[in-house]
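The values are calculated or read from the model by the stated rules, or taken from the named source; none is laboratory data. Only a predicted model underlies this, so the values are computations on that prediction, with no experimental measurement involved. Please note: Cβ atoms are built from the backbone with ideal geometry, for glycine as well, and neighbour counts cover all protein chains shown.
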Amino acid sequence: MYLDLMKRCLTRSLFQEQLRRAIARPSPGRQPVAWVMYSLIKPLLDTLGLELSRTSGPAERIEGRDWPVEAETMVGLARLQNLQDCVTDVLRNRISGDLIETGVWRGGACIFMRAILKAYGNQEKIVWLADSFQGLPKPDGRYQQDAGDPHWRHSDVLAVPLEQVKSNFERYGLLDRQVGFLVGWFKDTLPEAPISRISVLRLDGDMYSSTMDALVALYPKLSAGGYAIVDDYGALPTCREAVDDFRRQCGIREPLRKIDWSGVFWQKS
């Protein structure tokens with residue numbers, strides 16, 4: 001019940017109707033926050049095929065097809081349930097290694113992973129958050145697949161400061177020694193990350209370079225029986241191409257399993 005409530009709180013699906021009413025009735029003479037935000041992020045929403053949560057319904061929130069105004073995660077309930085299934089499986093089967101997400105936004109998925117560890121009384125695994133906390137990088141020419149990628153232009157909405165993410169953890173009483181932060185661009189931080197083994201690797205880097213950098217640096221550390229989860233495989237062609245290229249280059253034959261319209265995962269054999 002605790003984990004179910006966490007999922008509904010972190011996605012704000014629990015408060016959706018109340019939030020809609022508040023947005024629909026702004027104070028006289030003032031624009032509601034959601035409308036101001038919508039004007040800022042509409043170009044990005046069009047790129048990702050998303051809509052603002054003020055116009056969506058329960059189905060969109062379940063599958064993470066909207067942009068939440070306040071929620072700590074835009075992942076949606078289906079992908080959070082998959083995360084719960086993967087983390088609880090590695091705990092029950094005693095798969096060695098920490099948990100990590102590369103690209104954390106407001107930290108919601110990582111908050112949920114820490115909640116799962118607490119619910120199961122695990123005091124060994126660390127939840128690592130890898131992010132620049134400055135938004136996404138400007139394409140640097142290493143991969144032609146990222147040429148013209150617009151994500152870096154939207155740092156005003158994609159960049160969430162480290163202190164805000166920590167504050168979100170504190171709101172749920174989950175900021176402690178089992179939470180670690182890797183601050184900086186993936187190409188700089190992940191190869192030297194102080195992590196020996198990983199049991200759950202969750203990728204949410206959007207771009208080809210961000211996805212490939214995370215896989216090259218971290219997948220060799222993923223334990224047998226552990227899980228690789230990719231948030232944007234169905235939504236972003238550059239992410240999908242990076243995953244397909246890496247799996248082909250490394251001879252990975254474990255089948256990709258679909259979570260929802262965007263997320264996929266596989267278990268390392």
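Overview of results
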item	result
D131 vs. criteria charged (D, E, K, R) and either under 17 Å from D188 (Cβ atoms) or surrounded by fewer than 19 Cβ atoms within 10 Å (Cβ to Cβ) (or both)	yes
Tally of residues being assigned to a loop (DSSP other than H, G, I, E, B) and without any contact (Cβ under 8 Å) to a residue 40 or more places away in the chain across the range 234-269	7
Selection status of F112, in the same structural domain as C239 (by TED's automatic domain parsing), in contact with a Pro (Cβ under 9 Å, 6 or more places away or on another chain) and modelled with pLDDT of 90 or more	no
Unmet criterion (only one of (1) under 18 Å from D89 (Cα atoms); (2) assigned to a loop (DSSP other than H, G, I, E, B)) for S223	(2)
Residue selected from the range 241-269 under the condition surrounded by 19 or more Cβ atoms within 10 Å (Cβ to Cβ) and out of contact with any helix residue (DSSP H, G or I) (no Cβ under 7 Å at 6 or more places or on another chain), by the criterion modelled with the lowest pLDDT	S262
Which listed residue is in a helix (DSSP H, G or I), surrounded by fewer than 18 Cβ atoms within 10 Å (Cβ to Cβ), modelled with pLDDT under 70 and outside the structural domain of A228 (by TED's automatic domain parsing), from R54, R20	R20
